[in-house]
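Here's the structure, in structure tokens; my notes come after.
The values are calculated or read from the model by the stated rules, or taken from the named source; none is laboratory data. Nothing here was measured: the structure is a model prediction, and the numbers come from that model. Every residue, glycine as well, gets a Cβ built from its backbone with ideal geometry; the counts of neighbours run over all protein chains shown. For accessibility, only protein heavy atoms count, side chains too; no ligands or nucleic acids. Shrake-Rupley method; radii C 1.70, N 1.55, O 1.52, S 1.80 Å.
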Amino acid sequence: MSEMVEAPEHCPGTGTELSGKADACQGCPNQKICEAAGPAPPDPDIKIIAERLAEVKHKVLVLSGKGGVGKSTVTSNLARGIATRPDLNVGILDIDICGPSQPRILGVEGEGVHQSGSGWSPVFIDDNLSVMSAGFLLPSPDAAVIWRGPKKNGLIKQLLRDVDWGGLDILLVDTPPGTSDEHLSIVQYMAEAKLDGAVIVTTPQEISLQDVRKEINFCRKVNLPILGIIENMSMFTCPKCNVSSVILPSSSGGADKLTESTGVPLLGRLPLDPVVGQSCDEGTSLFAEFPDSRVAREYVNITQTLASAIKL
């Protein structure tokens, strides 16, 4: 059996104009195959997706390098916070295929997807807040999605192409953690839909920041603007005495140091507060149930900063 030959470091990949022709291709055993194949034809669905999302004024991806940093929680609370303005229509698209959390967090678990002549209808939480999630398509909340990349990418494309959002002021896209196939797909599929950019969620400790740096590099490689970083679980706020203490120490300087070294703005810091977990499990609004909590006030500040950045 012959040994696997590593692709050149700057390999342009297959199906591009440079496949088999770039300087990095010289000496590669697959050079002639890649060159003969030629560039891949344009995906016709990219234009269809752009047309479908034409009435959505702003589109923002919510990313995280590390899983478990609260990305889905932050996405839902950003959406709820923006939707406290009755003049704005807000949507959430949950493309975390293997771990769709939005139905539970937003209190619409068990809802079905309705289809009309214009496409799939999102599920409404409030008059001006709606969601579409892969979780609505599963037989039960405990069902495991055991799919390879192409099938997951096909569902992501279908969610972008077939959901009838109507007129939205902003669509927040809750993505899986990391920089994997789904992230490349969502950026590619929305290439003509005029993405505003990405918000990256992290926690203070270095093990999370290390992966955020990779996420920042990913965004820059695919020319995706970074709107800012949100440091979640920045400190713990005691529900009894309201005193804050550090649970996840920032040994390398936390988000402050990261923003300084990368030039990416810090949108805000969110405390670790039990009321957040409670509202997510119960599917209720943090802003309705705990409007005077410190974490709710921080979300208000962050949504105002984000709205200003994208001119919402």
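Label-to-label distance for K240 and K311 is 5.1 nm, based on points extended 7 Å past Cα in the beta-carbon direction.
Just the number, please: carbon plus sulfur as a percent of the accessible area of the stretch 12-133, 1.4 Å probe, no ligands or DNA/RNA counted.
Carbon and sulfur: 51 percent of the exposed surface of the stretch 12-133.
Taking amide H atoms as placed 1.01 Å from N in the peptide plane, list the residues 5 or more away in sequence, or in a different chain, whose amide H sits under 5 Å from that of L272. For L272, whose amide H was placed from the backbone, the distant partners under 5 Å are M233, S234, M235, F236, T237. Working from label points 7 Å from Cα in the Cα-to-Cβ sense, the E35 to D162 distance is 4.2 nm. What the stretch 102-239 shows is 43 Å² of accessible area per residue, with the surface traced by a 1.4 Å probe over protein heavy atoms.
For the pair D181 and Q115, what calculated FRET efficiency results from E = 1/(1 + (r/R0)^6), where r is the Cβ-Cβ distance and R0 = 30 Å, to the nearest 0.05? Let's see the in-between values first.
Values: r = 27 Å, r/R0 = 0.89.
Between Q115 and D181 the formula returns 0.65.
In plain terms, the C-alpha convex hull of the stretch 53-160 casts an average shadow of 7.6 nm² when viewed from every direction.
Working from Cα pairs under 8 Å separated by at least six residues, relative contact order for the chain is 21 percent.
Over the chain, dividing the summed -39,500 (n - 2.57) contributions of all DSSP H runs of at least 4 residues by the number of residues returns a 222 nm mean residue ellipticity of -10000 deg cm²/dmol. Stretching K214 away from Q26 to a fully extended chain increases their span by 64.8 nm, per 0.36 nm per residue minus the current alpha-carbon distance.
Given their separation in residues at 0.36 nm each and the Cα-Cα distance between them, L138 and E260 gain 39.7 nm when the chain is fully extended. Only protein atoms count toward the accessible area here, which uses a 1.4 Å probe; on the stretch 161-312, the carbon and sulfur part of that area reaches 51 percent. Between K151 and D43, the simple label model (points 7 Å from Cα in the Cβ direction) yields a spacing of 1.9 nm.
Once the C-beta distance of K221 and E17 is scaled by a Förster radius of 25 Å, the resulting FRET efficiency is 0.90 to the nearest 0.05.
For a protection proxy built on the mean count of beta-carbon atoms within 10 angstrom, sort 264-275, 147-158 highest first, please. If you can, show how the numbers build up before the last one.
Numbers: 264-275: 19.2, 147-158: 14.9.
Packing order, densest peptide first, comes out as 264-275, 147-158.
Normalised by 2.2 N^0.38 Å, where N is the number of residues, the alpha-carbon radius of gyration of the chain equals 1.07.
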